[in-house]
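Undergrad: First the structure, which I've put down as structure tokens, then a few questions once you've had a look.
None of the figures in this text is laboratory data; all of them are computed from the coordinates on show. None of the values given here were measured: they were computed from a predicted structure. So basically every Cβ, Gly included, is an ideal-geometry build from the backbone, and we count neighbours across all protein chains shown.
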Amino acid sequence: MTTRMITLTVNGTTYERAVEPRLLLADFLRGTLGLTGTHVGCEHGVCGACTVLVDSDSMRSCLLFAVQLDGAAIETVESLGTLNNLSPLQEAFREHHALQCGFCTPGMLMTATDLLRKYPLATDEQIREGLSGNLCRCTGYEHIVKAIRAVVEDTR
Amino acid sequence: MKPPAFEYRVAESVEAGVALLADARGEAKVLAGGQSLVPMLNFRLLRPAILVDINRIPGLAYIKDEGGAIRVGALTRHYQLETSPVIAAHLPVLRAAMTHVAHLAIRNRGTIGGSLTHADPAAELPMMALLLDATIQVASPTGRRTVAARDFFLGALSVALEADELVTEVVFPKLPPGTGWGFEEVSRRHGDFALAAVGTMLTVADGKIAQARIAIAGADEKALRASEAEGLLKGRALEPKLLDAACDAARACVNPNTDLHASSDYRRHLVGVLTGKALTAAWKRA
């Protein structure tokens with residue numbers, strides 16, 4: 001199989017790798033780079049678990065090929081904070097019990113990061129609409145909405 | 001699942017893109033936003049030998065206000081349409097429809113050219129192209145041609161486009177003066193494909209409807225215009241009996257599927273209710 005060389009940055013670090021064209025960005029991040037924070041759920045753009053930022057915009061990493069992203073800047077959940085130094089959004093998720101099993105959480109966090117930049121999120125309904133592309137089977141979303149609401153209010 | 005193997009080609013220009021498609025002799029698919037194509041690859045519903053990536057073609061993503069029309073480049077992402085002041089000012093019905101298109105992560109990547117070419121019968125952009133009497137600019141190895149939206153959509157996931165042709169631009173005429181609009185959609189979850197959606201435009205002069213347009217998505221094998229209902233409205237004021245007759249005509253012109261999400265009867269019922277709401281909104285705005 002023919003591979004192509006790509007150079008891109010992930011969380012500020014530059015990587016140069018040879019990739020097969022059919023390699024999905026999600027599998028590139030997890031398998032090639034070992035960044036397993038990005039989760040893979042449905043692999044057809046429905047569950048939102050694999051959402052990352054590509055040049056600052058949230059996108060499904062299961063619907064992009066790594067080969068397309070030569071020159072791009074990717075941000076994953078690993079860019080947000082560390083165990084001892086959570087980002088304000090992560091801290092709000094902890095504070096408001098916005099995760100149980102945690103499988104959807106990386107996608108929720110990266111989606112929320114983009115939503116907070118682009119929309120006023122003035123009402124809970126707007127937050128719910130913003131999260132409608134991310135499935136969570138544990139929380140019933142209530143606490144995720146509360147966590148995002150808290151960040152909106154803190155930054156107002 | 002993982003996509004099947006394919007050869008990857010990058011088009012650096014429209015001309016190079018159609019040349020790559022022509023060379024592939026029907027074995028290639030165009031990769032634009034990929035928000036419908038990549039799921040189909042991951043499911044292995046498609047096994048194209050070659051993908052021609054058009055994302056690096058410069059100058060194909062724009063929204064231009066040019067006299068009587070708004071010109072939108074084929075690679076314009078849904079989020080750009082959703083947030084464009086030009087669209088909000090001149091095509092507010094399109095602005096309203098864009099807020100129903102999928103989710104932010106999809107809108108950030110999906111393109112207008114891709115959505116029109118994919119032609120999902122329940123998607124908003126094909127019905128908007130029909131409602132707004134858009135024209136679609138197409139490039140082929142032998143030159144350029146223009147297709148009216150009403151001649152472009154042939155059936156479910158089927159459009160009047162050859163394997164070596166590429167959509168380059170969509171041209172939307174601005175709304176005539178005195179035009180009100182409405183957009184109504186019901187879906188199972190915000191951002192999902194419509195169970196049914198209706199867009200309307202009413203141009204009103206001297207208290208009477210000079211021109212009526214009704215477009216419907218999600219209720220047939222393709223998006224369509226409710227021509228008979230449009231004809232009933234012309235030359236009259238929107239009063240309750242006329243509204244009922246128009247809704248009946250809209251219900252009669254669709255042939256919805258039954259699937260996991262809704263029955264045919266329910267979709268037909270929705271078409272009537274949503275047509276009523278969208279016509280009432282258009283009348284009030286006109």
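Undergrad: Which distance in nm do the two modelled labels at A:S56 and B:A16 give, with both placed 7 Å along the Cα-to-Cβ direction?
TA: Reported label-point gap for A:S56 and B:A16 is 2.7 nm.
Undergrad: Assuming 0.36 nm per residue, please report the length gained on full extension of the stretch B:E162 to B:S263 beyond their Cα-Cα distance. Intermediate results must be reported in sequence, preceding the final value.
TA: On the way: separation 101, 0.36 × 101 = 36.36 nm, distance 3.41 nm.
Separation in residues times 0.36 nm, less the Cα-Cα distance, equals 32.9 nm.
Undergrad: Further, regarding this structure: Whole Å is fine, so just give me how far the alpha carbon centre of region B:231-245 lies from that of region B:88-146.
TA: 29 Å
Undergrad: What percent antiparallel are the DSSP beta bridges of the protein assembly as shown, to the nearest 5?
TA: Values: 57 of 67 bridges.
Bridges in the protein assembly as shown that DSSP calls antiparallel: roughly 85 percent.
Undergrad: Residues in region B:232-267, backbone N under 14 Å from the label point at B:R150 (7 Å along the Cα-to-beta-carbon vector): list them, ranges by number please.
TA: B:232
Undergrad: Shifting gears a bit: Taking each pair of different alpha-carbon atoms in region B:191-286 once, compute 1/r for the pair, average those values, and report the inverse of that mean as the Kirkwood hydrodynamic radius in Å to one decimal. Walk me through the numbers on the way to the answer.
TA: Working: mean 1/r = 0.0753 Å⁻¹.
Evaluated on region B:191-286, it is 13.3 Å.
Undergrad: How crowded by other chains is A:39-48, given as the mean number of beta carbons from other chains within 10 Å of each beta carbon?
TA: 4
Undergrad: Right, here's the next one. With point charges of +1 on the Cβ of Lys and Arg and -1 on the Cβ of Asp and Glu, referenced to the Cα centre of chain B, which listed residue (B:G114, B:P141, B:V204) lies farthest in the positive direction of the dipole?
TA: With unit charges placed on the Cβ atoms, the residue in question is B:V204.
Undergrad: Then there is this: Could you give the semi-axes, largest first, of the ellipsoid that matches region A:12-67, computed as the square roots of 5 times the alpha carbon gyration tensor eigenvalues and rounded to whole Å?
TA: Working: eigenvalues 58, 33, 23 Å².
So the equivalent ellipsoid measures 17, 13, 11 Å along its semi-axes.
Undergrad: Roughly how far apart, in whole Å, are the Cα centres of region B:182-215 and region A:1-75?
TA: The distance from the Cα centre of region B:182-215 to that of region A:1-75 comes to 39 Å.
Undergrad: I've got another one for you. List the residues, sorted by chain then number, that are 5 or more residues from A:R22 or on another chain and whose placed amide H is less than 5 Å from its amide H.
TA: Long-range HN contacts for A:R22: B:F6.
Undergrad: With 10 angstrom as the radius, rank B:W283, B:W181 by how many other C-beta atoms surround their C-beta, starting from the fewest.
TA: Working: B:W283 20, B:W181 24.
The fewest-first ordering by Cβ neighbours comes to B:W283, B:W181.
Undergrad: Convex hull volume of the Cα atoms in region B:1-68, per residue, in Å³? Don't skip to the end; give the middle numbers.
TA: Details: hull volume 7.7 nm³, N = 68.
Spelled out: Cα convex hull of region B:1-68, divided by residues, is 114 Å³.
Undergrad: While we're on this one: Can you give me the three principal axis dimensions of chain A from its C-alpha atoms, in Å, biggest first?
TA: Per principal axis, max minus min of the Cα coordinates gives 49, 28, 27 Å.
Undergrad: What per residue convex hull volume, in Å³, do the alpha-carbon atoms of chain B yield?
TA: On the way: hull volume 34.7 nm³, N = 286.
That works out to 121 Å³ per residue.
Undergrad: Roughly how large, in nm² to one decimal, is the mean projection of the convex hull of the alpha-carbon atoms in region A:101-142? Present the calculation step by step, with values, prior to reporting the outcome.
TA: Values: hull surface 11.2 nm².
Result: 2.8 nm².
Undergrad: For chain B, what does the relative contact order come out to in percent, with C-alpha contacts under 8 Å and a separation of six or more?
TA: Here the relative contact order equals 16 percent.
Undergrad: Another question about this same structure. Taking all pairs of distinct Cα atoms, average 1/r, flip it, and tell me the Kirkwood hydrodynamic radius of region B:38-155 in Å to one decimal place. Don't jump to the answer; show the numbers that get you there.
TA: Working: mean 1/r = 0.0652 Å⁻¹.
Taking the inverse mean of 1/r over all distinct Cα pairs, region B:38-155 comes out at 15.3 Å.
Undergrad: What do you get for Rg/Rh over region B:124-239 if you use C-alpha atoms and the Kirkwood form of Rh?
TA: Details: Rg = 15.9 Å, Rh = 15.5 Å.
For region B:124-239, the value is 1.02.
Undergrad: Return, for the Cα atoms of the protein assembly as shown, the radius of gyration and Dmax in Å, separated by a comma.
TA: 22.6, 70
Undergrad: Determine the relative contact order of region B:1-145: mean sequence separation of Cα pairs under 8 Å and six or more apart, normalised by residue count, in whole percent. Mind dumping the intermediate values first?
TA: On the way: 215 pairs, mean separation 33.3, N = 145.
Value for region B:1-145: 23 percent.
Undergrad: Quick one: Karplus J couplings for region A:38-48, per residue in order, coefficients 6.51, -1.76, 1.60, θ = phi - 60°, nearest Hz, x for Gly and Pro?
TA: Coupling constants for region A:38-48: 6, 9, 10, x, 8, 6, 9, x, 9, 8, x Hz.
Undergrad: Let me ask something additional. Give a residue-ordered list of calculated ³J(HN,Hα) values for region A:63-74 (Karplus: 6.51 cos²θ - 1.76 cosθ + 1.60, θ = phi - 60°; whole Hz; x for Gly, Pro).
TA: Whole-Hz 3J(HN,Hα) from phi for region A:63-74: 10, 10, 9, 4, 4, 6, 9, 4, x, 7, 10, 9.
Undergrad: Still on this structure, I have one more. Amide H of A:T51 versus every other amide H placed in the peptide plane: which residues, excluding those fewer than 5 positions away on the same chain, fall under 5 Å?
TA: Those lying under 5 Å, H to H, from A:T51 are A:S61, A:G107.
Undergrad: Mind listing the long-range amide H neighbours of B:I209? Cut-off is under 5 Å, sequence gap 5 or more, other chains count too, H placed in the peptide plane at 1.01 Å from N.
TA: Those qualifying (amide H under 5 Å, at least 5 residues apart or on another chain) are B:G235, B:R236, B:A237.
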